[in-house]
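Here is the structure we will look at, set down as structure tokens.
FYI, it's all coordinate maths here, none of it is from the lab. Predicted model only: the values in this text are computed from it and were never measured. Every residue, glycine among them, receives a Cβ derived from its backbone with ideal geometry; neighbour counts consider all protein chains shown.
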Amino acid sequence: MPDRKRRIGFVGCPPEETLAPRRSQELIDLDNLLPGVQPRSESLLPRTTCRIIRRILDNTLALDLDEIIIDQGFGKCDAARGLAELLQDLLPIPILRTHNENRDPAGTPICDSDLPLLHKIQLILEELVTPHHLQLRPQPHPPAAIWGVPAADLSIYELFPDGTQVLGWTRCLENRTPADWELEMYVPEGVPTIFFAQTFCPKNVAARHLAGKHDGLHVDVDGVLSQPVKAKIEAFLRFRKVRS
């Protein structure tokens with residue numbers, strides 16, 4: 001009988017040299033929404049914890065994992081470092097802590113392509129587990145851009161036109177340089193841009209500052225996209241003549 005594949009959960013963007021020898025096993029991105037997982041993290045985390053950190057803990061408690069890899073360096077957040085401590089005391093499995101300081105760029109062809117925005121985000125997240133080899137058409141004149149981290153509620157991306165450029169930490173994620181602050185702060189001039197972060201995420205400080213600097217719109221969402229935030233985004237895109 002063949003050996004069972006080990007189930008390895010990971011958080012953030014661990015270094016490729018850590019993920020590569022484990023790709024023959026079952027890799028699970030704990031940041032992502034997984035079917036059938038019930039929320040159990042409320043009693044263990046402060047109410048001001050961002051939705052993604054809560055989701056990571058919910059996923060971890062629901063899955064029978066053999067190992068967890070957490071990138072807790074500058075490319076993730078302090079909350080991930082605290083979560084690593086919690087999981088270390090909570091679970092009887094190895095918790096491997098990494099610091100991805102990679103500066104060798106993988107490129108951003110998905111972020112800069114003419115694809116629908118939701119498809120772009122899905123591809124970027126999927127590539128962490130299964131790298132793709134795609135032939136993509138670039139969008140040299142993006143109609144809009146979204147800066148920030150991957151949203152907990154992916155429906156936000158359906159509000160944007162095809163070819164919307166992906167910026168911020170999500171761009172760093174595709175580039176496999178999650179701690180590249182200069183790339184994360186890059187915003188092209190003249191492109192109508194939404195600056196997004198999860199509610200309670202420290203990246204809201206940069207998001208709000210950049211929105212003022214680049215005449216954009218700052219929004220934050222705690223889990224499910226609310227109707228008021230959706231209306232703000234739609235109004236901004238109409239005002240900037242991105243949507244009719």
Practice task
Return, for the Cα atoms of the chain, the radius of gyration and Dmax in Å, separated by a comma.
Solution key: 18.0, 62
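So what's the net charge close to Cys77: Lys and Arg +1, Asp and Glu -1, counting the other residues with Cβ under 12 Å from its Cβ?
Details: positive: Lys76, Arg81, Lys203; negative: Asp31, Asp71, Asp78.
Value of the local net charge: 0.
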Completion exercise
HN-Hα couplings for the stretch 185-201 via Karplus (6.51, -1.76, 1.60; θ = phi - 60°), in whole Hz with x for Gly/Pro, come out as 7, 5, 9, x, 6, x, 9, x, 10, 9, 9, 10, 8, 5, 4, 6, 7
Problem - Inverse of mean 1/r across different Cα pairs in the stretch 117-239, Kirkwood, Å - result: 14.7
Handout entry: Straight-distance crosslink candidates among lysines, where the alpha carbon sits under 22 Å from Lys76 and sequence neighbours closer than 8 are dropped
Key = Lys120, Lys203
Problem - Theoretical FRET efficiency, 1/(1+(r/R0)^6), r = Cβ-Cβ of His133 and Glu189, R0 35 Å, to 0.05 - result: 0.60
Exercise for the section: Over the alpha-carbon set of the stretch 7-98, work out the extent along each principal axis and list the three values in angstrom, largest first. Expected result: 36, 30, 23
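Mind ordering 208-217, 34-43 by average Cβ neighbours within 10 Å, highest first? Spell out each step's value before the answer.
Values: 208-217: 16.1, 34-43: 10.5.
With the highest mean Cβ count within 10 Å placed first, the list reads 208-217, 34-43.
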Handout entry: Share antiparallel - DSSP beta bridges, the stretch 82-210, percent rounded to 5
Key = 10
Problem - the chain - percent relative contact order, Cα under 8 Å, separation 6 or more - result: 18
Completion exercise
Phi-derived 3J(HN,Hα) across the stretch 29-45 with the Karplus relation (6.51, -1.76, 1.60, θ = phi - 60°), rounded Hz, x for Gly and Pro, is 7, 6, 6, 8, 6, 10, x, x, 8, 8, x, 9, 8, 4, 6, 10, 10
Exercise for the section: Check cross-link reach from Lys241 to the aspartates and glutamates: straight Cα distance under 15 Å, and skip same-chain residues fewer than eight apart. Expected result: Asp162, Asp215
Practice task
Any chance you could check the Cα centroid distance between the stretch 193-241 and the stretch 115-176 for me, in angstrom?
Solution key: 16
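Based on DSSP H runs of at least 4 residues, each adding -39500 (n - 2.57), what is the mean residue ellipticity at 222 nm of the chain after dividing by all its residues, to the nearest 500 deg cm²/dmol? Intermediate values should be presented prior to the final figure.
On the way: 8 runs with 75 residues, N = 244.
Calculated from helices alone, the mean residue ellipticity at 222 nm is -9000 deg cm²/dmol.
Viscosity 1.567 mPa s, temperature 4 °C: give me the Stokes-Einstein translational D for the stretch 59-154 in µm²/s, with Rh taken as the Kirkwood radius over C-alpha pairs.
Details: Rh = 16.1 Å.
So the translational diffusion coefficient is about 80 µm²/s.
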Handout entry: Within the chain: Cβ-based charge dipole about Cα centre, in debye rounded to nearest 20 (Lys, Arg +1; Asp, Glu -1)
Key = 600
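Might you report the magnitude of the Cβ-based charge dipole of the stretch 59-139 about its Cα centre, with Lys and Arg at +1 and Asp and Glu at -1, to the nearest 20 debye? The partial results should precede the final answer.
Working: 6 positive and 13 negative charges, 55 e Å.
Roughly 260 debye for the stretch 59-139.
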